[in-house]
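The values are calculated or read from the model by the stated rules, or taken from the named source; none is laboratory data. Here the structure is a predicted model, which is why all the values come from computation and not from measurement. Ideal geometry is used to build each Cβ from the backbone, glycine not excepted, and the neighbour counts take in all protein chains shown.
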Amino acid sequence: MAATETAQALDAAERVCAQRGVRLTSLRRRILEQILKTDGVIKAYDLIHDLSSRDRTIKPPTVYRSLAFLLDQGFIHRIESLNGFVACNHPGEAHETLLMICDACGRIDEMHPEHISKALDHAADEKGFAISSKVVELHGTCRGCRDADRAPRASL
Ligand SMILES: [Zn+2]
Ligand SMILES: [Zn+2]
């Protein structure tokens, strides 16, 4: 994410926190900023390593608590299959998420197709299952990578 977009996303997060009466502490803000700046997924391990190498007082449990806060507030999503985190593209709203993860370049696209959400509700209903979160992770190859694959290669 570009610097201006990152700044805007941080401002938006500040506003949402103020509305909700919760605090975006400096560490929470720094973690969110790092996730926003990262293209694709950032793993908790890398995040902790990065933060603690610059500030030795930052310990893993504090980082995990901050990540839990950011998840609760809907500013980031956890990518279970990659054991990492990605910034949400419209934070602060409760939503179901379909994440398309490119295994070639790491790009992640977030979508919110309503009919899929309804289909999941219906399927869960039939089983008497109460859904607490709906995050569907799709792995594959993004358009950019597929186009690059199909493009005729320059002859050597
Ligand atoms: Zn989202
Ligand atoms: Zn790709």
Please specify each residue of the range 66-113 satisfying the condition of being assigned to a loop (DSSP other than H, G, I, E, B), crowded, with 20+ Cβ neighbours inside 10 Å and out of contact with any Leu (no Cβ under 8 Å at 6 or more places or on another chain).
-> 88
Scanning for something of a type in the set (Ser, Thr, Tyr) and within 16 Å of ligand 2 (Cβ to nearest atom), does the range 136-153 turn up at least one residue?
-> yes
The range 131-149, residues that are outside any strand (DSSP E or B), among the hydrophobic types (A, V, I, L, M, F, W, C) and closer than 22 Å to residue 73 by Cβ = 131
Checklist (1) away from ligand 2 (no atom under 16 Å from the Cβ); (2) of a type outside the set (Ser, Thr, Tyr); (3) touching a residue at least 12 places away in the same chain (Cβ under 8 Å) applied to residue 115, failing item = (3)
Kindly indicate whether residue 50 is within 29 Å of residue 104 (Cα to Cα) and in a loop (DSSP other than H, G, I, E, B).
-> no
Counted residues, the range 17-33 - those being in contact with a Leu (Cβ under 7 Å, 6 or more places away or on another chain) and closer than 17 Å to residue 90 by Cα = 4
Could you tell me whether any residue of the range 121-142 is within 15 Å of ligand 1 (Cβ to nearest atom) and among the acidic types (Asp, Glu)?
-> yes
Within the range 15-26, can one find any residue that is surrounded by fewer than 20 Cβ atoms within 10 Å (Cβ to Cβ), outside any loop (DSSP other than H, G, I, E, B) and among the aliphatic types (A, V, I, L, M)?
-> yes
Within the range 31-47, which residues are surrounded by 17 or more Cβ atoms within 10 Å (Cβ to Cβ) and either in a helix (DSSP H, G or I) or at pLDDT below 90 (or both)?
-> 31, 32, 33, 34, 35, 36, 38, 47
Mind checking which residues of the range 114-146 are loosely packed, with under 10 Cβ neighbours inside 10 Å, among the acidic types (Asp, Glu) and at pLDDT below 95?
-> 114
Within the range 55-108, how many residues are within 11 Å of residue 40 (Cβ to Cβ) and among the acidic types (Asp, Glu)?
-> 1
How do the pairs read when you match residues in the range 145-156 that are under 17 Å from residue 101 (Cα atoms) with residues anywhere that are outside any helix (DSSP H, G or I) and modelled with pLDDT of 90 or more, using Cβ under 6 Å and keeping only pairs 6 or more apart or on different chains?
-> 145/102; 145/104; 145/105
For residue 120, the lone unmet condition from (1) farther than 23 Å from residue 39 by Cβ; (2) within 16 Å of ligand 2 (Cβ to nearest atom) is (2)
